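Bear in mind these aren't lab numbers, they're just calculated from the coordinates by the rules spelled out. This structure is a prediction, so every number in the text was calculated from the model and none was measured. All Cβ positions, glycine included, derive from the backbone under ideal geometry; neighbour counts span all protein chains shown.
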Amino acid sequence: MLGFLPTHLLERCTHHTGPEKSDSRFVLHWMRAALRFDENPTFDVARHIAFQKGLPLVVYQGIDERYPYASYRHHKFLMEGSRDLERNAKKIGVEYFLHVSRRGHRDPVLKMMAEGSAVIVTDLVDLDPWSDWTESIKELRPVIEVDAHCILPRQVFGKSLDRPFRFKNATKRLMKARMGLRWPICDLPIKKLPDGYTIPFDPVSAIEELEKDGGLGIFSECDIDPTVVPVNDLIGGTEFAESKWEKYMQEGLKKYHRTRNNAADREGVSGISPWLHHGMIAATKVVRDAISLGGKGPEKFLDEMLVFREHAYHHCHEIKDPKRWSALPEWARTSWRERLAPTSPREVSVIERGETGIPLWDGAQKGLLRHGVMHNNVRMTWGKAIPGWIIDPEEAMDVTQSLNDRYALDGRNPNSVAGVMWCFGLFDRPFDPPSPHMGRVRGRSTETHASRVDIDRFLKWVCAPTMGGVREFAIVGSGISGLFAAMILRDLGHEVKLYDKGKRLSGRLANRLTSDGSSFQIGSTHIDGIRPWMARFLGEFDLGGPKQEDMSSNRAPLIDILHHFAGELSINFNTRVRSLHQTEEGVTLNAIVNDEPIEFHHSNVLVAIPVEQAMDIIDVDLFSGRSEACWVAWGPSEVVPDNLPAGWSVRNLTNGMIEVRLCEKSSARHVDETKDRMASMVPREIGLPDDGWSSHLWRYSRPVSGPGRVIHHGNISFIGDGFGTPLGTIGGALDSAARAVADMHLRSSEKGRNGHYLSKQTSLNEW
Ligand SMILES: Cc1cc2nc3c(=O)[nH]c(=O)nc-3n(C[C@H](O)[C@H](O)[C@H](O)COP(=O)(O)OP(=O)(O)OC[C@H]3O[C@@H](n4cnc5c(N)ncnc54)[C@H](O)[C@@H]3O)c2cc1C
């Protein structure tokens, strides 16, 4: 079927037969991993097939919410790549359609596009879920997978060898025949879709979305992790990739053999891997350029490209499910089984936030968390330290992989899979005598590495705060949304001050103590609206269901989440913010502190309070919302009554205490009552004496209406359970907090600093 293809393309193709359709309308290039038109074998193959069949060629790209670790960071990088694709498609004269999966746009678009296509041509991707997606699309149409990432096509070699030097020797001849060759230009004419043919979805214009608000609007509708914030100084797409590579070619590559191991020198390596990962620059071009430059630096660089990188791709091609533990060599697994378990294990959350107390390691992790990059030489030391903190080595490898995949712009790639697994013995030999914690797996001491690096210079670039420098924030409200935003901002290197009108941490997760000192919630008893990405922040609190129904359990009370998030943050209690004003310099807060009026000035403010209270403190009509009231009363009772008025609920608090919650209607009817009267009225209503009873009114217990999304007004942002989804849930409150922080990063990107869309965002009509 593909005999008409030139050899350099044919050898990169894997043909999967599938149901054919006689009245198909076009050839579909499903662009998923090689996001470029230049020197792109997948595009060239699709172009040849379309020409051969006399059909239009359509390029489709989908930015999905289901790729592993989908986040604002990866989405922004992808979207910037799409912007260049959109521009270049126009220049080439090919139809390019982008779908971004989001609220109201979650149809199976690829399947719908497949309907009209004669054949689907796509990039060869060996990792899940992409390889699974190939399997399912094969059921619909013939599929051609094309290797657009390697110099030596995986279809030609495609084998994993136990050591890199063996791979080098085995591929030397094949590689030599291909490396450095000029890529043949394909300029076959491209047919367009006939007039009147409409594709089955509304395509997104990345140019327009990024121009409008840096992606803020469209990402707010995507179910993706906002805590992995966008990186502003690394821009996705072919344009940035090519200029970055060009600059490195001219200024750095010649010295690569001398500079590559110095992690303090960010410019000592090309840093091109995120763009290679997304195929935004052709590996064939990078290798050709390095060969033509010649010398010791390029030679070392070519070793990385042609041996380590290519080996990783070929390895993942041959090995099914390459990330699994059993993909490690037998000697390494045995050695891990026999090693001494670490004596001072660390919590994964401590590791993830870069708080182990080891400067080099924490710096490396912070760089990953904040900037999406890690120096390759440090990455090896970083990966080898983790099994020293996690008892089960298999879990340690999963944690290492997940940190890399979640945060690194070049994660989720065969090269990073192999890199992480190398830390656990892959592609390596055993070292004897075994060491206590690494066994026979090669060790790499953080201390020794640190002694070889100019640590201050290293920490300066990795620990630099996000958004180009330290920003200063005030947060009004230290409930779960305010604290979560504060924690994220602090982890990203910013200064945060919190103000709360209460005396201590509580908000709507407030608790009280029973006579035996055990704690019970008088606000929320459940955590609802939790997204998968939140699990790692909630840790032991994420019980995914009812909490504290059974008071005899040892579950941590919800209030503890607030202490967990608050950490070392300083909170100004007894400070009621009465009003906020946007000024030229920032934001002025008028507050009452211990009955005294005080003014505070801050650059940026996050308001994290119930929606009606938020409406009260801002003098502009920005949004509206309404919350339900809820009376809660508790006291002694020998029985759990079953004669409650309709809509009321009761909980057994053990120790002879019960708690009663009134329905919305009854609560609203009694909203002006005093606590004392309600503490007497509620037990009497259910036939109990009122001795020892107390009550609390939640005037704004949960919003029933509200914006449901973060509202930005100049330097003020409104978050909380009225500003996230699902409305009125802890999940909604957390989501709004994280999205507000991610939005700030989008707003502070280069364009935002130029004021282009920042000024637009202050207009309410834009929301
Ligand atoms: C009775 C009840 C039952 C609930 N049940 C559930 C449930 O089953 N599942 C679920 O997911 N969620 C439930 N919720 C909702 C959940 O508790 C909230 O969504 C979440 O706690 C909201 O957190 P927040 O940070 O947005 O606001 P809050 O927790 O209200 O925090 C706001 C903070 O701001 C402070 N503040 C307010 N105004 C000012 C001001 N002007 N100046 C300074 N500080 C100020 C307050 O003191 C408070 O500490 C329930 C809530 C209640 C009350």
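Quick look at the numbers
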{"read-out": "FRET efficiency for His581 and Leu513, using Cβ-Cβ distance with R0 set to 35 Å, rounded to 0.05", "value": "0.30"}
{"read-out": "Whether the range 2-83 is rounded, prolate or oblate, judged on the alpha carbon gyration tensor where a/c under 1.5 counts as rounded", "value": "prolate"}
{"read-out": "Average projection area in nm² (convex hull over Cα atoms of the range 1-149, one quarter of hull surface)", "value": "8.7 nm²"}
{"read-out": "Lys/Arg +1, Asp/Glu -1 at C-beta; the chain dipole; positive extreme among Phe723, Pro56, Gly214", "value": "Pro56"}
{"read-out": "Qualifying aspartates and glutamates (Cα of each under 19 Å from Cα of Lys296; at least 8 residues distant if same chain)", "value": "Glu246, Glu251, Asp265, Glu267, Glu304"}
{"read-out": "Nearest-20 debye value, the chain charge dipole, Cβ charges on Lys, Arg, Asp, Glu", "value": "2720 debye"}
{"read-out": "Cleavage-rule hits (chymotrypsin sites (Phe, Trp or Tyr not before Pro)) in the range 1-107: DSSP loop, at most 13 neighbouring Cβ within 10 angstrom", "value": "Phe4"}
{"read-out": "Student exercise, the range 555-665 dipole from Lys, Arg, Asp, Glu Cβ charges, in Debye to nearest 20", "value": "500 debye"}
{"read-out": "Relative contact order for the chain, counting Cα pairs under 8 Å that sit 6 or more residues apart, in percent", "value": "12 percent"}
{"read-out": "Dipole-positive endmost among Met280, Leu360, Ala312 within the range 274-384 (Cβ charges, Cα centre)", "value": "Leu360"}
{"read-out": "Cα-based equivalent ellipsoid, the range 626-704: semi-axes from gyration tensor eigenvalues, Å", "value": "21, 13, 11"}
{"read-out": "Loop-resident sites, the range 176-218, for trypsin sites (Lys or Arg not before Pro), counting at most 13 other Cβ within 10 Å (DSSP)", "value": "Arg182, Lys192"}
{"read-out": "Point-to-point label distance, Thr588-Asp23, nm (Cα→Cβ direction, 7 Å offset)", "value": "7.1 nm"}
{"read-out": "Normalised contact order of the range 626-704, rounded percent, pairs of Cα under 8 Å and 6 or more residues apart", "value": "47 percent"}
{"read-out": "Partners for Lys497 among aspartates and glutamates (Cα-Cα distance below 15 Å; same-chain residues under 8 apart left out)", "value": "Glu472, Glu568, Glu599"}
{"read-out": "Contour minus Cα-Cα distance for Asp202 and Glu239 (0.36 nm per residue)", "value": "10.7 nm"}
{"read-out": "Asp392, Asp223 arranged by Cβ crowding within 10 Å, fewest neighbours leading", "value": "Asp392, Asp223"}
{"read-out": "Cα gyration tensor category, rounded, prolate or oblate, for the range 325-462 with a/c compared to 1.5", "value": "prolate"}
{"read-out": "Nearest-ten-degree value, helix 164-176 long axis tilted from longest Cα axis of the chain", "value": "50 degrees"}
{"read-out": "Along principal axes, Cα extents of the chain, largest first, whole Å", "value": "91, 73, 54"}
{"read-out": "Charge context of Gly493, other residues only, Cβ under 10 angstrom, K/R +1, D/E -1", "value": "+2"}
{"read-out": "Unsatisfied cross-links (Cα-Cα over 22 Å) in the set Lys21/Lys111; Lys53/Lys159; Lys91/Lys176; Lys76/Lys244", "value": "Lys53/Lys159; Lys91/Lys176"}
{"read-out": "For the chain, share of DSSP beta bridges that run antiparallel, in % to the nearest 5", "value": "55 percent"}
{"read-out": "Angle between the chain longest axis and helix 376-385 axis [Cα atoms, degrees, rounded to 10]", "value": "50 degrees"}
{"read-out": "Charge dipole of the range 74-178 about the Cα centre (unit charges at C-beta), most positive-ward option of Gln155, Ala118, Asn169", "value": "Asn169"}
{"read-out": "Percent antiparallel among DSSP beta bridges (both partners in the range 39-171, rounded to 5)", "value": "10 percent"}
{"read-out": "Fully extended contour minus Cα-Cα distance, from Lys503 to Ser326, at 0.36 nm per residue", "value": "58.4 nm"}
{"read-out": "Proximal aspartates and glutamates to Lys212, defined as alpha-carbon separation beneath 18 angstrom and excluding residues fewer than eight positions away on the same chain", "value": "Glu80, Asp84, Glu86, Asp202, Glu221, Asp743, Glu750, Glu766"}
{"read-out": "Sparsely packed chymotrypsin sites (Phe, Trp or Tyr not before Pro) within the range 126-191, loop by DSSP, other Cβ within 10 Å at most 10", "value": "none"}
{"read-out": "Charge context of Lys366, other residues only, Cβ under 13 angstrom, K/R +1, D/E -1", "value": "0"}
